[in-house]
Ligand code: SF4
């Protein structure tokens, strides 16, 4: 009985593919355009070796979600990607009907490749469109055109993908309320099952940040108006917002990403991938060459970037920070059950001003952000959670 219930433990698997055709102007993720194609097979070898080392751990778990993200997974040669997909399936006992997502850049996937991946078990595709306006795509340094997006999207449908996400961005140079409306219309006309929309953040060290002063950006009021408009527009077209940036048709929420926000366990593979497993959060250094070297040589210390057991006090902060991202917010009864603390006594006084300002709805059995609160959620959370100088949560 014990062994049966352990075997039924759920797990998310994340695999990072840190390669892109070309670096986008705004991106500070760990990814690069490889000059030597041999890196693909060496990297897949390393991932497969690494995953196999989790076989004993994995035997107690039945992963119900897999997410191959990046970077641009579809930049990998399809034979290497197929080795990776089969390696994931042979290293872990995936649940039947597990959600299996792959991220895809429109310029890097054709029908034959997508059909291969679909037949191998990938059943959800996340395609980065970002904007339906050519000037905006070019300001972002995206490698694809609108036509390429359309052709990839149609190829994905023909290949059998019936669960597709489209990524969009607002707050980008040259964007206007009208062009944003056009982008939203363009996306819903394709009828994807899921839409994500992110506000552009200027990250230090990126070409976009360096050129920002010479580019016309929408101001913050306009960005908020775009965000509000999108929520209403998507709701009107059958997409329910379930997280700050995520909208889905009924039953099409991304189960893998929900694991992050629900503080459930997941294992990440690859440089810069993060894991939360057995009460420990850890990540690997952002270097492909270091990863390949360390996996082969079993030098875990050189491979690991962060490694920390989460104390209860910090877990409480993380729980609030992640759950507040969801529309349903924090369930106060569940909060008490998990942490033995009354939510209102712990946070009520700090939330009062935000409630009065219309940013938080703290009525009844749950506490959640309003639309205005979601737009400035990072600011509110860092205020109410009071992280100390070392980045630890302090009540
Ligand atoms: S495709 Fe994605 S990961 Fe690659 S550079 Fe562009 S934004 Fe970054």
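Bear in mind that the values in this text are calculations on the coordinates, not laboratory data. Everything numeric in this text was worked out from a predicted model, so none of it was measured. So basically every Cβ, Gly included, is an ideal-geometry build from the backbone, and we count neighbours across all protein chains shown.
For this structure, a couple of remarks:
- Prolate/oblate/rounded label for the stretch 312-385 (Cα gyration tensor, a/c 1.5): prolate
- Our summary gives the stretch 1-158 a relative contact order of 26 percent, counting only alpha carbon pairs under 8 angstrom and 6 or more residues apart.
- The protection proxy used here, the mean number of other Cβ atoms lying within 10 Å of each residue, ranks peptides 123-136, 207-220, 267-280 as follows, highest first: 123-136, 267-280, 207-220.
- Label zone of residue 178 (point 7 Å out along Cα→Cβ, amide N under 11 Å): in the stretch 223-261 this covers no residue at all.
- Note on the stretch 17-88 and the stretch 317-341: Cα centroid distance 33 Å, given to the nearest whole angstrom.
- The label-point distance for residue 116 and residue 312, in a model that sets each label 7 Å from Cα toward Cβ, rounds to 5.2 nm.
- Remark: relative contact order (the stretch 312-385) = 32 percent; criterion is Cα-Cα distance under 8 angstrom and separation of 6 or more residues.
- Relative contact order computed over the chain (Cα-Cα under 8 Å; 6+ residues apart), in percent: 14
- Modelled this way, with points 7 Å down the Cα-to-C-beta line, the labels at residue 342 and residue 41 are 6.6 nm from one another.
- Stretched out straight at 0.36 nm per residue, the stretch from residue 290 to residue 96 would grow longer than its current Cα-Cα span by 66.4 nm.
- Debye-sum result for the chain in log10 I(q)/I(0), which assumes one identical scatterer on each alpha carbon, at q = 0.08, 0.11, 0.14 Å⁻¹: -0.44, -0.88, -1.46
- Here is how the number arises for the chain: DSSP H runs of 4 or more residues each give -39500 (n - 2.57), the sum is divided by the residue count, and the result at 222 nm is -12500 deg cm²/dmol.
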